[in-house]
1. Taking all protein chains as present, what is the carbon and sulfur share of the accessible area of segment 51-190, in % to the nearest whole number, probe 1.4 Å?
2. Determine the alpha carbon to alpha carbon distance for each of LYS32/LYS279; LYS20/LYS78; LYS323/LYS395; LYS78/LYS435; LYS379/LYS435 and list only those over 22 Å.
3. Can you list residues whose amide H is under 5 Å from ALA357's amide H, if they're 5+ apart or on another chain and H is modeled 1.01 Å from N?
4. Subtract the Cα-Cα distance of GLU404 and ARG100 from 0.36 nm times their separation in residues, and report this length gain in nm to one decimal.
5. Between segment 148-173 and segment 304-327, what is the separation of their alpha carbon centroids in Å?
6. Which sequence of CYS186, CYS262 reflects their accessible areas, 1.4 Å probe, from the largest down?
7. Stretched out fully, how many nm does the piece from ARG123 to GLU316 gain, at 0.36 nm a residue minus the Cα gap?
8. Round to a whole number: what % of the accessible area of segment 306-414 belongs to carbon and sulfur, probe 1.4 Å?
Amino acid sequence: MSATTVAKPKFKGQRYRLDKPELLAPAGNLEKLKFAVHYGADAVYIGGRQYGLRSNADNFSFEEMREGVEFARKYGAKVFVATNIYAHNEDIEGLEQYLRNLSDVGIAAIIAADPVIIETAQRVAPDLEVHISTQQSTMNWQAVQFWKDEGAPRVVLAREASLEDIAEIKRHVDIEIEAFIHGAMCSSYSGRCVLSNHFTDRDSNRGGCCQSCRWKYDLFEDDRPGAADGSSGPDRYRIGVTQLPLFEPEDNRFTMGSKDLCMIEHIPDLIEAGIDSFKIEGRMKSIHYVATVVNVYRQAIDSYMADPARYRLKPEWIDEINKAANRPLNSGFFYDTPGHEDHIYEPESKAAPYDFAGLVQQYDAETGIAVIEQRNHFKPGQEIEFFGPNGTFFKQTVEAIWDEDGNPLDAARHPLQRVRIKVNQPVRPFDMMRKKI
């Protein structure tokens, strides 16, 4: 190829800029997929039984994938599969058939980082889009151009990319850009950490991360000559060296864990920078987390797109996000490089003092009685909240609880127990009920 020849993209797909940002939600199992879609996700990403970085999630069989795809299509949504491990030699056997199976069940795209997985998918499953994973740590427009020339229609940028970086990329390359806008942040470049490997022999880059950055640590110093001035050598780690604690007994142990990302307050900036897909992290998170977070971002995106000039941030959106938060929140790398204040050093208090208490199964408009599937213990006298994807939100006190035969109960105490309660406003199936802890 001559120096003046421009490589033609291999991808011959539909679009390089979405007219409206895609809301992309995590789904650790089939039930979470259905909730994510029902609460407003345009697409969901899941993991199969191989090649993904969340080996502790429930993950999907091919039969479950097919069911998930069929459900998503009813709502006009897509399903992506994470195949984002860095493959070792022993991982390659069976890869071609696995990718063909993904295509056969209707998966729209894989999210991949390893070149062998990318190339194999393009060769054996050409109808399967390949989205370049954040594990590639792509940060600049020339790298994005490289992936476009290699046939990728979308790049998931590194979490370390700023809004300025993203805008610059979009000015140079006509390709879809996906970025994480909510959820946990890695203390290392995504996919580049090996603490888990060293501490527990669990490979973080093949789905086994033990999240050792979130463990609690104490600091010590070797009490011997030379230890404090950086000396090294065979004696440095000899057994029996006295360790002096670098903390007081009343001090808290620290972690290396970062605060979680939350960009609900900055929707206009995300859209105007040109981000095509807003990605929520959390395939290991609960149904309550997925439904709450997706519901809020759905409302915010729709509100902005309906009338950008009159868009305003609603305080209730922030309140809702905080009900699903597991850790303190910040804006990650979007505006500035995080400093020490963006990490968690103190013991974590529960940021979300709410539990998922029940799921609406049925509602009788004449009697105002709802059938609730219990998900956490609740009882008469407790204040509860209902919320749902169609604007449902209200608070009330549980006045009484009956079983399905009409017998009064002193509590809904059994998992998945179906009970009846009177509700103050109409509710719909898939609406959720939460309680304050």
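The values are calculated or read from the model by the stated rules, or taken from the named source; none is laboratory data. Since this is a predicted model, take the numbers as computed values, not measurements. Ideal geometry is used to build each Cβ from the backbone, glycine not excepted, and the neighbour counts take in all protein chains shown. Surface areas here come from the heavy atoms of the whole protein model, side chains and all, with no ligands, DNA or RNA. Shrake-Rupley method; radii C 1.70, N 1.55, O 1.52, S 1.80 Å.
1. Answer for segment 51-190 is 44 percent, counting heavy atoms of protein chains only.
2. LYS78/LYS435
3. MET433, ARG434, LYS435
4. Gain in length upon complete extension: 104.8 nm.
5. Taking the Cα centre of each part, segment 148-173 and segment 304-327 sit 26 Å apart.
6. CYS186, CYS262
7. Between ARG123 and GLU316, full extension yields 64.7 nm more.
8. 46 percent
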